[in-house]
1. Pairs of alpha-carbon atoms within less than 8 angstrom and 6+ residues apart define the contacts here; what relative contact order does the stretch 149-203 have, in percent?
2. Among the DSSP beta bridges whose two residues both lie in the stretch 95-203, what percent are antiparallel, rounded to the nearest 5?
3. What distance in nm lies between label points placed 7 Å from Cα along the C-beta direction at residue 87 and residue 136?
4. Taking the DSSP beta bridges in the stretch 149-203 as the whole, what percent of them are antiparallel, to the nearest 5?
5. Taking the Cα-to-Cβ direction at residue 174 and at residue 195 and moving 7 Å from each Cα, how far apart do the two end points lie in nm?
6. Where the centroid of each part is defined by its Cα atoms, how far is the stretch 49-80 from the stretch 174-203 in Å?
């Protein structure tokens, strides 16, 4: 029994022989508290009432009807425009045809008189001249009825918009930039030049 007890000297000796214990440097990990998902304040879910659903359905049906009406109006407008375009093209073609027909009608009497003059087997030079003058007068009357007028005469001031100067001449008796001779008459239809007059201009 005496062996189970150690003297103070023996206990002190054993303490000195034991290796020193290292202090633990690890800090205990604290687990973060788990927060439960909470619904934000003011955003609580609510059920849609039957009355609200019916109102949305009615608004949708109204919008669909308005859309259908607009589509129908668009199709009608498109069809009307297409008809208008085709009708305008036909009218333009008809106007051109009518204008050409009226012009030919105005020239036909002149052609008839030329044909009659050529049918004369025996005639004097004087009679032939008189017949040509009559045909020319008739032709000019036909042009006037169509709204065509002559332009370009000796003594008129030269206008490059109306006249075509093919030559120039020095003439003290004429003012500068004045037509001294007409080689080919010009014609106008209203304000539009049909043919420029071919003239000679004094410098």
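1. Contact order relative to length: 46 percent.
2. 70 percent
3. Roughly 5.0 nm, to one decimal.
4. Details: 12 of 18 bridges.
DSSP beta bridges in the stretch 149-203 are roughly 65 percent antiparallel.
5. Inter-label distance under the simple model: 2.1 nm.
6. When both Cα centres are located, 69 Å separates them.
Computed from the coordinates by the stated procedures, all read-outs in this text should not be read as laboratory data. Predicted model, so just to flag it, every value in this text is computed and none were measured. All Cβ positions, glycine included, derive from the backbone under ideal geometry; neighbour counts span all protein chains shown.
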